[in-house]
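Following: one structure in structure tokens, then a few remarks.
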């Protein structure tokens with residue numbers, strides 16, 4: 001007689017060819033039907049029944065069961081790899097700048113994280129810094145510490161221009177979106193890499209006390225001459241000054257440039273803009289020589305707009321409309337004084353409206369509105385843009401560009417206007433045209449220009465010097481400008 005194995009301790013194993021995992025047939029081990037503990041304890045041989053009957057020793061039976069379990073786990077692992085899985089989450093570091101405007105941080109944080117909710121595969125690392133650290137940190141990020149730079153940040157247009165070699169150029173589809181949907185005066189402020197997606201757009205407007213104008217029976221000034229007259233009538237020093245003006249170094253040079261543009265761009269400014277649009281390919285010394293020649297050929301009937309702007313400020317001062325501390329006040333000082341009711345008028349960008357959201361001490365005495373900047377028929381508005389940019393060193397460009405595309409969308413731009421900022425798209429500019437405070441700022445978008453970034457650093461010094469010499473009375477406006485340009 002042959003050996004007859006004891007099969008009382010059998011494990012039922014079935015091979016089911018219908019079971020597929022990752023495109024392969026898999027073996028599935030069923031739960032043991034019964035187990036004869038005594039057989040294993042006594043070292044007896046067992047039996048495995050399945051496709052055929054194979055007689056094995058109890059040790060071999062245990063090994064086979066272990067192999068089957070291993071095969072099962074491997075099959076399940078293969079199945080999970082081949083199944084549809086969520087896109088892996090990756091980080092995107094964004095740095096924003098806190099200016100102290102009420103509600104600014106909450107609004108912008110919500111905008112950033114709305115992008116994360118719409119794009120769950122991206123984890124936002126949002127970092128806030130005081131805006132006073134902007135210059136120092138960007139200089140470091142574009143220098144020895146470029147590996148510490150965020151993927152995305154916001155840069156004023158002049159800084160974006162200065163560090164343009166460290167920024168990426170927008171892809172063609174995103175540039176097409178900006179051209180099609182945004183105001184041309186906004187898009188023109190970008191120069192190749194020196195730009196991104198508009199984050200905050202600023203244009204100057206006249207902020208004025210509506211209650212004081214009503215009491216004096218005055219209409220809102222529309223021309224430079226009317227501005228001089230209104231400042232004289234509304235002045236009640238030391239309680240209230242007719243027109244607040246920042247001094248050199250505190251924004252006065254930019255205001256002087258704004259007022260000059262309100263009279264119309266001069267030959268020097270037109271040449272600068274032509275150079276910029278031609279790609280700025282000529283040598284700086286060559287451009288300076290051409291500008292000097294043009295100045296000698298200027299028509300006597302076309303006075304320099306800078307001189308006319310200086311004459312306006314000197315006239316307001318002579319009539320008692322300016323504050324005595326004109327050479328020391330800054331733009332932020334003016335906003336504070338206007339909020340306190342000590343200024344009847346000031347020329348400011350929309351960020352001033354954000355600061356004026358703070359409740360006044362007496363609401364009945366603080367009624368204000370905005371109007372377009374008074375200018376001549378030849379005058380043009382000024383446009384200034386803060387750009388959302390991506391650093392060249394970013395290792396997450398795809399995610400960064402997805403964020404920029406999100407901010408370029410209409411609803412994101414709508415949220416940014418509440419900073420407040422001037423609506424950057426054509427559709428939003430039309431929608432907000434009659435709303436305070438945007439009603440005074442939006443008209444400047446039509447045909448608006450800005451400073452010529454390639455020459456502004458030099459021009460700013462000239463304007464600051466000319467401003468100081470003219471307002472102090474040491475030189476006439478024309479003499480002051482001539483000396484500043486030497």
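Values in this text are rule-based calculations from the coordinates and carry no lab data. A quick note: this is a predicted structure, and the numbers were derived from the prediction, not measured. We place every Cβ from the backbone using ideal geometry, glycine too, and count neighbours over all the protein chains shown.
How much length is gained if the chain between residue 211 and residue 90 is pulled fully straight, taking 0.36 nm per residue apart and subtracting their Cα-Cα distance, in nm to one decimal?
The span from residue 211 to residue 90 would gain 38.1 nm if fully extended.
Is the range 141-278 rounded, prolate or oblate when judged by the Cα gyration tensor, a ≥ b ≥ c being the square roots of its eigenvalues, rounded requiring a/c under 1.5 and prolate requiring a/b larger than b/c?
prolate
If packing is taken as the average count of other Cβ atoms within 10 Å, what order do 455-464, 158-167 fall into, highest mean first?
Averaged packing, sorted descending, gives the order 158-167, 455-464.
Within the range 175-199, name every residue whose backbone N is under 20 Å away from a label modeled 7 Å from Cα of residue 410 along the Cβ vector.
Label zone hits: 175-187, 197-199.
Could you sort 108-116, 465-473, 143-151 so that the peptide with the highest average Cβ count within 10 Å comes first and the rest follow in order?
465-473, 108-116, 143-151
Can you tell me the length gained on complete extension of the stretch residue 457 to residue 418, counting 0.36 nm per residue apart and subtracting the Cα distance?
Extra length available between residue 457 and residue 418 comes to 11.0 nm.
Between residue 472 and residue 113, 0.36 nm times their residue separation minus their Cα-Cα distance comes to what?
124.2 nm
Label points 7 Å out from Cα along the Cβ direction at residue 332 and residue 376: separation in nm?
Between residue 332 and residue 376, the simple spin-label model gives 3.6 nm.
Of the listed peptides 405-413, 203-211, what is their order by residue-averaged count of other C-beta atoms within 10 Å, with the highest listed first?
203-211, 405-413
Between residue 218 and residue 302, take the C-beta separation as r, use R0 = 30 Å, and let me know the FRET efficiency to the nearest 0.05.
For residue 218 and residue 302, the calculated efficiency is 0.45.
Under a plain spin-label model, where a point goes 7 Å from the Cα along Cα-to-Cβ, how far apart in nm are residue 402 and residue 172?
If labels sit at residue 402 and residue 172, their model points lie 2.4 nm apart.
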